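The values are calculated or read from the model by the stated rules, or taken from the named source; none is laboratory data. Fair warning: this is a prediction, and the values are worked out from it, not measured in the lab. Here the Cβ positions follow ideal geometry from the backbone for every residue, glycine too, while neighbour counts run over all protein chains shown. Protein only, heavy atoms only, side chains kept; ligands, DNA and RNA dropped before computing areas. Shrake-Rupley method; radii C 1.70, N 1.55, O 1.52, S 1.80 Å.
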Amino acid sequence: MTKRRAILSGSVFEERIGYARAVVDGDWVHVSGTTGYDYATMTISDDVVEQAEQCLRNIGAALEEAGCSFADVVRVRYLLPDREDFEPCWPVLRACFGEVRPAATMMVCGLADPRMRIEIEVYARRPEAG
């Protein structure tokens with residue numbers, strides 16, 4: 001039986017809603033949709049590029065705790081309320097995923113808070129031990 005472990009970021013949303021930032025299930029790491037909140041201060045920038053950068057910092061911390069990195073990401077989903085906000089984020093996203101080339105999807109949809117301009121979700125496969 002595979003071992004399942006939840007990774008919590010300390011976000012108040014995890015407690016209020018009842019989810020984990022990420023779940024490690026055997027070799028797989030499923031990172032929840034992650035927004036640009038700085039969980040240390042519970043603030044969010046108005047700028048979509050700054051939000052994307054913070055999303056990636058939050059995701060990177062979860063991946064590290066799971067024992068992997070962005071190099072292990074196999075799938076990414078970008079969720080944005082405004083399609084016009086996606087292209088300004090491309091340089092930040094390319095810096096993170098350009099060499100990795102995960103499967104990717106961008107969807108236009110509403111997010112939980114109108115201040116949220118981007119949400120990113122990833123799946124990663126942990127590197128084999130040894």
Within segment 82-99, restricting attention to residues that are surrounded by fewer than 16 Cβ atoms within 10 Å (Cβ to Cβ) and either over 14 Å from residue 53 (Cβ atoms) or acidic (Asp, Glu) (or both), which residue is nearest to the chain's Cα centre (by Cα)?
98
Top-ranked residue of segment 34-45 - restricted to ones that are surrounded by fewer than 17 Cβ atoms within 10 Å (Cβ to Cβ) and in contact with a helix residue (DSSP H, G or I) (Cβ under 9 Å, 6 or more places away or on another chain), ranked as farthest from residue 120 (Cα to Cα)
42
Reported set for segment 46-57 where residues are open to solvent by less than 10 Å² (accessible area, probe 1.4 Å) and not aliphatic (A, V, I, L, M) is 51, 55
Flagged in segment 58-77 as part of a loop (DSSP other than H, G, I, E, B) and surrounded by fewer than 19 Cβ atoms within 10 Å (Cβ to Cβ), in numbering order, are 67, 69
Can you pull out every residue in segment 100-125 that is modelled with pLDDT of 95 or more, in a loop (DSSP other than H, G, I, E, B) and either under 24 Å from residue 81 (Cα atoms) or open to solvent by 70 Å² or more (accessible area, probe 1.4 Å) (or both)?
101, 102, 109, 110, 111, 114, 115, 116, 117, 118
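Out of all the residues in segment 22-57, which are more than 30 Å from residue 128 (Cβ to Cβ) and either part of a strand (DSSP E or B) or among the β-branched types (Val, Ile, Thr) (or both)?
35, 37, 38, 41, 43, 44, 48, 49
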